[in-house]
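Chemist: Can you read through this structure? Questions will come right after.
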Amino acid sequence: MKTIGIFTFLCKGVKPWDPDSIHKGITGSEEAVIYAAEELVKLGYRVIVFGMPPEHSPHSLPMANPRYLSMMTQEPISVDIAIAWRAPGAGQHLKKFAKQVYLWPHDITNQKLSTFLTQSFDDVLWLSSFQRAQWVSVNPGFAKYTHIYGNGIQPHQFSEIKARENPYSCIYGSNYGQGLEYLLDLWPELKRQFPRATLDIYYGWEHWGFLSPAEESKVRQQIAAYAPLGVKEHGLVSHQEIHEAYQKAAFWTYPLKFHETFCITALKAQFGGAIPVARAVTGLAESMRHGYACSTQEEFPALLFQAMRQAEQITLEQRKAMRDFILKEYTWTEIARKWKRQFDFDERLSAF
């Protein structure tokens with residue numbers, strides 16, 4: 001049995017995590033590790049996630065697979081395949097421990113790297129064509145890596161799509177610095193025109209600097225002031241709760257202030273049957289295949305009001321149709337299979 005090591009680190013604002021963290025809430029890049037590891041195990045690998053699991057985690061026990069160990073572990077462990085999660089400078093170091101080394105980026109980059117470092121991987125597990133192009137624009141050495149995989153969801157965590165009780169219900173489920181302020185600015189007038197409109201907000205207040213102190217203060221005040229207008233902030237919740245929320249909401253409303261390298265949230269919204277109303281640019285243009293799309297912030301208000309005017313015309317069949325491309329391309333089962341095909345190909349190539 002071959003061993004895959006996924007080498008992660010603890011990001012600012014994120015608590016120690018392991019697979020049980022999905023019951024309390026966890027952000028997308030960490031979620032991706034959890035589900036990718038599970039699917040790789042099903043394909044016959046032993047998987048070790050090096051990171052920062054909670055103390056006494058049952059997933060750290062020797063028989064666990066996937067196994068979660070501290071990145072500071074002193075255990076002598078060898079791996080056949082190493083995956084550097086968000087660490088483009090780690091390739092040469094990981095070659096000391098593994099025959100095959102892959103980069104798994106989840107962000108854009110402004111970090112200049114030497115050719116020596118960019119050429120130290122067997123491949124890069126890109127999330128989107130947008131992400132790859134952005135990395136190549138900063139480090140042309142990454143141009144040799146051409147495979148796009150995306151992120152995924154676990155379909156079994158969702159139930160059958162049903163008609164919405166409130167066709168005017170909206171949900172926002174991303175970093176609050178990614179456009180929530182714009183959405184809230186529109187809310188009083190939207191509520192005036194569409195009295196049944198509601199807005200449920202998920203994610204939590206860790207925004208990694210995407211909001212200035214003044215902007216955060218404004219958003220907090222807006223949420224409190226608009227509670228009588230159907231606005232409710234839920235924070236970071238379990239995967240079960242957020243999936244149920246997407247299956248209840250009529251619209252996923254996302255003005256997108258900056259960029260997305262992919263956007264797992266877009267998959268969850270569409271798979272849950274929530275019609276997207278979004279500024280679909282950067283990586284979001286690849287993960288959002290349905291709904292109402294615009295390319296600028298200035299276009300978003302008209303787009304949102306258009307969607308609300310058509311709310312009662314949206315059929316159950318339209319909501320169900322959004323699942324098709326996700327089932328074909330973006331389940332963790334399918335992504336893990338694509339990774340395995342690449343791992344096997346690279347192993348055969350290295351034998352020549």
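Values quoted throughout were computed directly from the atomic coordinates according to the rules given, and no laboratory measurement underlies them. Here the structure is a predicted model, which is why all the values come from computation and not from measurement. Neighbour counts run over all protein chains shown; Cβ positions are idealised from the backbone, glycine included.
Chemist: Roughly what angle does helix 300-309 make with the longest principal axis of the chain, taking Cα atoms, 0 to 90 degrees, to the nearest 10?
Modeler: 60
Chemist: To continue, here is another question. Search the structure for amide H atoms under 5 Å from the amide H of Ile48, placed 1.01 Å from N in the peptide plane, and list their residues when 5 or more places away or on another chain.
Modeler: Here Ile4, Gly5, Ile6, Arg67 satisfy the definition.
Chemist: Same structure, new question: Can you flag which of Lys218/Lys257; Lys162/Lys268; Lys144/Lys338; Lys112/Lys340; Lys95/Lys340 are past 21 Å Cα-Cα?
Modeler: Over 21 Å apart, Cα to Cα: Lys112/Lys340.
Chemist: Binning every alpha carbon pair distance of the chain at 10 Å from zero, what are the percents per bin?
Modeler: 5, 24, 32, 23, 12, 3, 0
Chemist: Can you pull out the trypsin sites (Lys or Arg not before Pro) in the range 133-174 that DSSP calls coil and that have at most 16 other Cβ atoms within 10 Å? Don't skip to the answer; put the middle values down first.
Modeler: Values: sites: Lys144, Lys162, Arg164; in loops: Lys162, Arg164.
Hits after loop and neighbour filter: Lys162.
Chemist: For every helix of n ≥ 4 consecutive DSSP H residues, a contribution of -39,500 (n - 2.57) applies; sum these over the chain, divide by its total residues, and give [θ] at 222 nm rounded to the nearest 500 deg cm²/dmol. Mind showing how you got there, number by number?
Modeler: Working: 13 runs with 124 residues, N = 352.
Mean residue ellipticity, 222 nm, calculated: -10000 deg cm²/dmol.
Chemist: Hey, another quick one. Out of Arg132, Arg309, Arg46, any idea which swings most in a Gaussian network model of the chain, alpha carbons joined below 10 Å?
Modeler: Arg309
Chemist: What whole-number distance in Å separates the alpha-carbon centres of the range 245-271 and the range 282-311?
Modeler: What the calculation gives is 11 Å, centre to centre.
Chemist: Under a cut-off of 16 Å between alpha-carbon atoms, report the aspartates and glutamates in cross-link reach of Lys12, not counting same-chain residues fewer than 8 places apart.
Modeler: Cα-Cα hits under 16 Å: Glu30, Glu31, Asp107, Glu206.
Chemist: Please give the length that would be gained between Glu165 and Lys112 if that part of the chain were fully extended, namely 0.36 nm times their separation in residues minus their C-alpha to C-alpha distance (nm, one decimal).
Modeler: 14.0 nm
Chemist: Grab the beta carbon distance between Ala143 and Lys24, set R0 = 41 Å, and tell me the FRET efficiency rounded to 0.05. Write out the running numbers ahead of the final one.
Modeler: Numbers: r = 40 Å, r/R0 = 0.98.
The pair Ala143/Lys24 has a calculated efficiency of 0.55.
Chemist: In whole Hz, with x marking every Gly and Pro, tabulate ³J(HN,Hα) for the range 174-180 from phi via Karplus 6.51 cos²θ - 1.76 cosθ + 1.60, θ = phi - 60°.
Modeler: Computed from phi, the couplings for the range 174-180 are 10, 2, 5, x, 9, x, 4 Hz.
Chemist: What list do you get for Leu183, Leu40 if you sort them by fewest beta carbons within 10 Å?
Modeler: Working: Leu183 23, Leu40 26.
The most exposed by this proxy come first: Leu183, Leu40.
Chemist: Could you please rank Val124, Val136, placing first whichever residue has the fewest other Cβ atoms within 10 Å of its Cβ? Intermediate values should be presented prior to the final figure.
Modeler: Values: Val124 24, Val136 16.
Final ranking by Cβ density, sparse to dense: Val136, Val124.
Chemist: A follow-up question, please. Could you let me know the centre-to-centre spacing of the range 322-352 and the range 30-109, using Cα atoms, in angstrom?
Modeler: Answer, in whole Å: 18.
Chemist: Take the alpha carbon gyration tensor of the range 156-329, find the square roots of its eigenvalues, order them as a ≥ b ≥ c, and report rounded if a/c is under 1.5; if not, report prolate when a/b exceeds b/c, else oblate. Working shown, then result.
Modeler: On the way: a/c = 1.42, a/b = 1.24, b/c = 1.15.
It is rounded, given that a/c, with a ≥ b ≥ c, falls under 1.5.
Chemist: For the range 89-186, what does the alpha-carbon gyration tensor say about shape, rounded, prolate or oblate, given a ≥ b ≥ c as the root eigenvalues, a/c under 1.5 as rounded, and a/b over b/c as prolate?
Modeler: prolate
Chemist: With a 10 Å Cβ neighbour count serving as the proxy for reagent exposure, in which order, fewest first, do Met322, Met288 appear?
Modeler: With the fewest neighbours first, Met322, Met288 line up as Met322, Met288.
Chemist: Would you calculate the separation in nanometres between label points at Arg220 and Phe258, each defined as 7 Å from the Cα along the Cα-to-beta-carbon direction?
Modeler: Label at Arg220, label at Phe258, 2.0 nm between them.
Chemist: I've got another one for you. Along Cα→Cβ, 7 Å out, is where each label goes; now give me the distance between the ones at Ala87 and Phe9 in nm to one decimal.
Modeler: 0.8
Chemist: Something else now. Rounded, prolate or oblate, given the Cα gyration tensor of the range 148-254, with a/c below 1.5 counting as rounded? Kindly include the intermediate steps, with their values, before the conclusion.
Modeler: Numbers: a/c = 2.11, a/b = 1.18, b/c = 1.79.
Because a/c hits 1.5 or more and a/b fails to exceed b/c, the range 148-254 counts as oblate.
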